[in-house]
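Below is one structure; the comments refer to it alone.
The values are calculated or read from the model by the stated rules, or taken from the named source; none is laboratory data. Source: prediction; values computed, not measured. Don't worry about glycine lacking a Cβ; one is built from the backbone with ideal geometry, like all the others, and counts go over all protein chains shown. Just the protein is used for accessible areas: all its heavy atoms, side chains included, with ligands, DNA and RNA removed. Shrake-Rupley method; radii C 1.70, N 1.55, O 1.52, S 1.80 Å.
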Amino acid sequence: MGNKSLSAKLSQAVLIAVLFAVSVVMIIPILHVVASSFSSQAALIQSKFLLFPTDFSLDAYKYVFSTSTFMDGMKISLLITVAGTALKMLVTLMLAYALAHKDMPGRKIINYAVLITLVFSAGMIPNFITFTSYGLKNSLWALILPALIDPFNLIVIRSFIQEIPAEIEESAKIDGANDARILFSIIVPLSMATIATFSLFYAVVIWNSYFDAILYINEAKKFPVQVLLRQIILLSGSLGDSSGMGLDFYVPPRTVRMAVITAATAPILVVYPFLQKYFAKGVMLGSVKG
Amino acid sequence: MSQTRAKERLASMLPQPPRIGSLWKRIAANKWLYLLALPGVLYFVLFRYTPMWGLLIAFQKYNAALGFLGSEWIGLKNFTDFFSSPDFTNLFRNTFILAIYNLFFFFPLPIVLALMLNSVRSYRYKRIVQTVTYMPHFLSWVIIASICQVMFTTEGGIINDIIFALSGKKLDFLTNPRFFRGMITGQVIWRETGWGTIIFLAALSGVDPQLYDAAHVDGANGWQRLWSITLPAIFGTIITMLILRLGHFLDTGFSQIFLMVNPLNRDVGEVFDTYIYRQGIKEYSKLSYTTAVGMFKSVVGLALVFCADRIAKKSGSSGIL
């Protein structure tokens, strides 16, 4: 379209301006919180609307990193995110690989069983009673096992494995390799992009999860970072649903609150460039196959 | 799709030992696959299906000391109790109104944003806007609720400082029931508008550019092209997304609401899941009663999804199941 009339140029300018405004609205809350966390308490009180660090100060972070409660929470979240992602990916991949084989007797039943869980679940209370009877109360496993496989991810990964030409597997079989070897030495290397995508999916979900922790974890020293964040920001502000969950926080200074939010968000912001690249693809894959 | 079919057909013509022979032989030939599937299958059995037995306590007066087998069976009493309690209408009203807010204020926005992104000529600018607007999707509700708390609080929050500077008043966004639904819907708009464009952008990328060229030659202006080419192209997607939303209308974002509800706004904020949590686990341990409430929600939700799927298929889209 070579014809660049005045009205076309004008409409492009309006479009760019509107999209700019939308982007600003999206980014300002994050910018404000991050900038405030790197400012001094005095600067924050003086000039309210901070979008860039003013009177740069790391005091808030020095305080946050010196409190063992919050750092323990970060460590626990990191631990369950890394270990949980690895475990979830492994189990999902193994089941997806098996279900990708059309000649495996029983495959249909398992497929239906998986699909049903997409539209029906036992619900909060039966889950709670059952998982508590498994001994998950106050165990970090409670933050990993109840959502070990995401049925949706499983279905998409299965479809992906089915796309890999069957001949590759056939030739490995002729060479005497069993299914486990084929999966780990042939299928996995071929699916690294998919595995990366869904590992990120899983990792973000685990890092962001907090409700399972509220249900199953009563010991404060086992709280993941999201639960601590809720305690520090929401409950200390005399809001929220359950005051006095065993921790008595004083209302921390504003810069500290900003620093706590920033620290809990940082891992997401660090992996975001990768997330954005792969996730859109993953979502598209899902919506096409789903 | 047809390529894989062709491949399958080809594969089935080749000699395939597992296909021949008895079922037992086929199972034996696949023993490694069963071994690989085992942990995943165990997960579904133990964590997705075993709890479904627990639904039976909805028909009991469950007593943890007597256990599942020893507790008294009371038929549908838990359900009738719930239906006749004022909580029932309250929960339904709150859920319904939130869904309506969502439908009117959030649902159109990703479509509008996708249309705008699709019309931007500069590819780089489009990428930048996408990068920025997708980001909130990855932040947890705890983080979003926390950001809201520090920005909207009457004690030094930036929003209230601005309002105070302009009008000399402060608004209690976080505690006044009047603002609750607006805050919830606003959070959804902030978090999901950008991310929601993906599906519409995909539909838009399927439009044949020649159609636009042809319309251009015929002298159609921008609005005419929007009405007669672009909108019809994504109409099916819009309808599917709409039906999908109706099918899940009981599933208000539990985590999100749980974080924003407090004793002051509970009247308008309480939805099914927060009610189940509070009555069942947090405050009263009414396990049987709340299981009944949860079961009611699950069953209605299931029926809604199936209805939505039927409607979607009747309206000509591929359906959602």
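Would you mind stating whether A:VAL82 is assigned to a helix (DSSP H, G or I), more than 12 Å from every other protein chain (Cβ to nearest Cβ) and open to solvent by 50 Å² or more (accessible area, probe 1.4 Å)?
Working: assigned to a helix (DSSP H, G or I): yes; more than 12 Å from every other protein chain (Cβ to nearest Cβ): yes; open to solvent by 50 Å² or more (accessible area, probe 1.4 Å): yes.
Yes: the conditions hold for A:VAL82.
May I ask you to list pairs of residues, at least six apart or on different chains, whose Cβ atoms are under 7 Å apart, with the first in the stretch B:131-158 being more than 7 Å from chain A (Cβ to nearest Cβ) and the second being part of a loop (DSSP other than H, G, I, E, B)?
Going by the 7 Å Cβ cut-off, the qualifying pairs are B:PHE152/B:PHE173; B:PHE152/B:LEU174; B:THR154/B:LYS170; B:THR154/B:ASP172.
Among the helices (runs of 4 or more DSSP H) lying completely within the stretch B:79-183, list those that include at least 1 residues that are more than 30 Å from A:TYR202 (Cβ to Cβ) and under 22 Å from the mean Cα position of the chain (by Cα). Talk me through it step by step, then tell me what you get.
Working: elements: B:86-101, B:108-119, B:123-134, B:141-152, B:158-167.
Answer list for the stretch B:79-183: B:86-101, B:108-119.
Within the stretch A:147-172, can you find the residues that are in a helix (DSSP H, G or I), in contact (Cβ under 8 Å) with a residue 40 or more places away in the chain and more than 10 Å from chain B (Cβ to nearest Cβ)?
A:PHE152, A:ASN153, A:ILE155, A:VAL156, A:ILE157, A:ARG158, A:PHE160, A:ILE161
Specify the residue that is farthest from B:GLY294 (Cα to Cα); the eligible residues are those in the stretch B:69-126 that are among the polar types (S, T, N, Q) and surrounded by 14 or more Cβ atoms within 10 Å (Cβ to Cβ).
B:SER119
Okay, residues lined up against (1) of a type in the set (Gly, Ala, Ser); (2) within 10 Å of another protein chain (Cβ to nearest Cβ):
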residue	(1), (2)
A:ASP55	no, no
A:MET74	no, no
A:GLY106	yes, yes
A:ILE129	no, yes
A:LEU145	no, yes
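Among the numbered conditions (1) within 11 Å of another protein chain (Cβ to nearest Cβ); (2) open to solvent by less than 20 Å² (accessible area, probe 1.4 Å); (3) closer than 23 Å to B:ILE147 by Cα; (4) outside any loop (DSSP other than H, G, I, E, B), tell me where A:ALA43 comes up short.
For A:ALA43, the failing item is (1).
Of everything in the stretch A:157-172, what is among the polar types (S, T, N, Q) and either open to solvent by less than 30 Å² (accessible area, probe 1.4 Å) or not assigned by TED's automatic domain parsing to the domain that holds A:MET94 (or both)? Give them in sequence order.
Of everything in the stretch A:157-172, just one residue is among the polar types (S, T, N, Q) and either open to solvent by less than 30 Å² (accessible area, probe 1.4 Å) or not assigned by TED's automatic domain parsing to the domain that holds A:MET94 (or both), namely A:SER159.
Does A:LYS88 fit the bill of being outside any strand (DSSP E or B), surrounded by fewer than 15 Cβ atoms within 10 Å (Cβ to Cβ) and among the basic types (Lys, Arg)?
No: the conditions fail for A:LYS88.
Within the set of pairs 6 or more residues apart or between chains, which connect a residue that is small (Gly, Ala, Ser) inside the stretch B:283-302 to a residue that is open to solvent by 20 Å² or more (accessible area, probe 1.4 Å) and in a loop (DSSP other than H, G, I, E, B) with Cβ atoms less than 7 Å apart?
B:SER288/B:TYR62; B:SER298/A:PHE120; B:SER298/A:SER121; B:GLY301/B:ASP251
Can you tell me which residues in the stretch A:111-123 are in contact (Cβ under 8 Å) with a residue 12 or more places away in the chain and in contact with a Leu (Cβ under 9 Å, 6 or more places away or on another chain)?
Answer for the stretch A:111-123, where residues must be in contact (Cβ under 8 Å) with a residue 12 or more places away in the chain and in contact with a Leu (Cβ under 9 Å, 6 or more places away or on another chain): A:ASN111, A:VAL114, A:LEU115, A:LEU118.
Of everything in the stretch A:108-121 that's aliphatic (A, V, I, L, M) and at the interface with chain B (Cβ under 7 Å from one of its Cβ atoms), which residue is least open to solvent (accessible area, probe 1.4 Å)?
Only one residue tops the list, namely A:VAL114.
Among the candidates B:GLY186, B:GLY219, B:GLY236, single out the residue that is more than 29 Å from A:LEU6 (Cα to Cα) and without any contact (Cβ under 8 Å) to a residue 12 or more places away in the chain.
Among B:GLY186, B:GLY219, B:GLY236, only B:GLY186 is more than 29 Å from A:LEU6 (Cα to Cα) and without any contact (Cβ under 8 Å) to a residue 12 or more places away in the chain.
Residue pairs, Cβ under 7 Å, 6 or more apart or interchain, first in the stretch B:21-36 and assigned to a loop (DSSP other than H, G, I, E, B), second modelled with pLDDT under 85. List them.
B:ASN30/B:PRO18
Only one of A:SER37, A:SER66 is loosely packed, with under 13 Cβ neighbours inside 10 Å and hydroxyl-bearing (Ser, Thr, Tyr). Can you tell me which?
Being loosely packed, with under 13 Cβ neighbours inside 10 Å and hydroxyl-bearing (Ser, Thr, Tyr) holds for just one of A:SER37, A:SER66, which is A:SER66.
Go through the stretch B:53-87 and give me each residue that's out of contact with any strand residue (DSSP E or B) (no Cβ under 8 Å at 6 or more places or on another chain) and either at positive phi or of a type in the set (Ser, Thr, Tyr) (or both).
B:TYR62, B:GLY67, B:GLY75, B:THR80, B:SER84, B:SER85
Among the candidates A:MET104, A:MET94, which residue alone is surrounded by 15 or more Cβ atoms within 10 Å (Cβ to Cβ), under 30 Å from B:PHE44 (Cα atoms) and touching a residue at least 12 places away in the same chain (Cβ under 8 Å)?
After ruling out the rest, the residue left standing is A:MET94.
Which is within 8 Å of chain A (Cβ to nearest Cβ), assigned to a helix (DSSP H, G or I) and open to solvent by 20 Å² or more (accessible area, probe 1.4 Å), of B:ARG278, B:ARG225, B:ARG310? Break it down into steps so the answer makes sense when it comes.
Numbers: B:ARG225 fails: within 8 Å of chain A (Cβ to nearest Cβ); B:ARG310 fails: within 8 Å of chain A (Cβ to nearest Cβ).
After applying the criteria, what remains is B:ARG278.
Going residue by residue through the stretch B:34-50, is there one that turns out to be at negative phi, β-branched (Val, Ile, Thr) and open to solvent by 60 Å² or more (accessible area, probe 1.4 Å)?
Yes - at least one qualifying residue is present in the stretch B:34-50.
Check off (1) open to solvent by 40 Å² or more (accessible area, probe 1.4 Å); (2) among the aromatic types (Phe, Trp, Tyr); (3) more than 9 Å from chain A (Cβ to nearest Cβ) for B:PHE200 and give me the number that stays unchecked.
The number of the failed condition is (1).
Identify all residues within the stretch B:262-274 that are of a type outside the set (S, T, N, Q) and under 19 Å from the mean Cα position of the chain (by Cα); write none if there are none.
Scanning the stretch B:262-274 gives B:GLY269, B:GLU270, B:VAL271, B:PHE272, B:ASP273.
Can you tell which of B:VAL261, B:VAL271 is at pLDDT 85 or above and away from every other protein chain (no Cβ under 11 Å)? Walk me through how you get there before you give the answer.
On the way: B:VAL261 fails: away from every other protein chain (no Cβ under 11 Å).
Being at pLDDT 85 or above and away from every other protein chain (no Cβ under 11 Å) holds for just one of B:VAL261, B:VAL271, which is B:VAL271.
Name the single residue that is modelled with the lowest pLDDT among those in the stretch A:254-268 being facing chain B (nearest Cβ under 10 Å) and closer than 20 Å to B:MET151 by Cα.
Of everything passing the filter in the stretch A:254-268, A:ARG254 is modelled with the lowest pLDDT.
Within the stretch A:173-184, is there a residue that is open to solvent by 10 Å² or more (accessible area, probe 1.4 Å), free of Cβ contacts under 8 Å to residues at least 60 places away in the same chain and in contact with a helix residue (DSSP H, G or I) (Cβ under 6 Å, 6 or more places away or on another chain)?
yes
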